[in-house]
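First the structure, in the form of structure tokens, and then the observations on it.
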Amino acid sequence: MNRSARAPACRFPYLTVATLAICWSALAADPKPQPAMAAGLKMAFEEARYAIDKGLRAENDANGFSIQFSGAATSLRAGSELVTLTLQGYGWGSALRSAGPLTQMEPKGKRLERHYGTSLTEWFLNAPQGLEQGFVIGHRAKWAVGALHIRLAAAGGWSAHGSGDRARLTKGGVTLDYAGLKAWDAMGAVIPSRLHGSGTSIEIEVDDAGAVYPLTVDPTFTQQQELTASDAVQGDLFGVSVGLSSDGNTALVGAWNRGVAYVFTRSGVV
């Protein structure tokens, strides 16, 4: 089948994951695929696969968890474990306050925004890289003293720990990473920030002195996943040697005593 016959078949006004998969397979079979069309199809496939549905639910296959938004709560299910996250408060120094009542929730594609009765807006972006969570604070309070703090509470029997550029939530054998923290002001200046995990809460601290508001704070949830061989045997020394591609998407893991190697590629991306 030539390109001219195949291309129109992939131009549907409403795209589903199944439709996109069929179109992608047809395109991949072409010995001379069109780069622009391939890139556009890949983007559309990801948009459909990670979209938040009308029930405010989404899947994140790359990180092995599902997401449910409900009011001001965000639940992540990883295997049989469920954690429910809520914004406990924000403020400056030790004077944390509630974000106020939830006034509006706006899902659009892979993104969802929550608007509260204060100057804070919370947003999420579901992507293969993880569940990105962001906060936009409109202004620094006149009474503010000290650094900005944002606190999240984790319910469901999870423990929070870690500090600096990474915090973790753990329960049983499941670990959720909260990392990749960035903060910047209205002028694009990078603002120093750090994470603190303790008990059942994670706190973000931002040294906002001199920052030009509004201020954006942006960390990401991912799940730690263990690489295993499907045919592993005791004593094969699986993992004694590991190689990683420059883009971080492919790993080569050796099982020394068996003289074999396994190739793992990051899932969730076409």
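Identify the single condition in (1) crowded, with 17+ Cβ neighbours inside 10 Å; (2) in contact (Cβ under 8 Å) with a residue 40 or more places away in the chain; (3) under 21 Å from Leu96 (Cα atoms) that Ala209 does not satisfy, given that it satisfies every other one.
Going through (1) crowded, with 17+ Cβ neighbours inside 10 Å; (2) in contact (Cβ under 8 Å) with a residue 40 or more places away in the chain; (3) under 21 Å from Leu96 (Cα atoms) one by one, Ala209 breaks only (1).
For the stretch 154-180: of the residues being at pLDDT 95 or above and in a loop (DSSP other than H, G, I, E, B), which is farthest from the chain's Cα centre (by Cα)?
The selected residue is Gly157.
Being assigned to a strand (DSSP E or B) and charged (D, E, K, R) is the filter; apply it to the stretch 99-125 and report the residue that is farthest from Arg57 (Cα to Cα). Don't jump to the end; show me each part of the working.
Kept after step one, since they are assigned to a strand (DSSP E or B), are these residues of the stretch 99-125: 102-108, 111-116, 120-125.
The next check asks that each one be charged (D, E, K, R); those that pass are 106, 108, 111, 113-114, 122.
Values: Glu106: 13, Lys108: 12, Arg111: 11, Glu113: 14, Arg114: 15, Glu122: 17 Å.
Filtering the stretch 99-125 for residues that are assigned to a strand (DSSP E or B) and charged (D, E, K, R), the one farthest from Arg57 (Cα to Cα) comes out as Glu122.
Ala48: surrounded by 16 or more Cβ atoms within 10 Å (Cβ to Cβ), small (Gly, Ala, Ser), modelled with pLDDT of 90 or more and assigned to a helix (DSSP H, G or I), yes or no?
Yes.
Out of everything in the stretch 62-88 that is at pLDDT 95 or above and among the polar types (S, T, N, Q), what residue ends up being farthest from the chain's Cα centre (by Cα)?
Gln88
Which of (1) among the small types (Gly, Ala, Ser); (2) in a strand (DSSP E or B); (3) within 17 Å of Thr86 (Cβ to Cβ) does Ala183 not meet, given it meets every other one?
(3)
The values are calculated or read from the model by the stated rules, or taken from the named source; none is laboratory data. These figures come from a predicted structure and were not determined experimentally. FYI the Cβ positions are ideal-geometry reconstructions off the backbone, even for glycines, and counts take in every protein chain you see.
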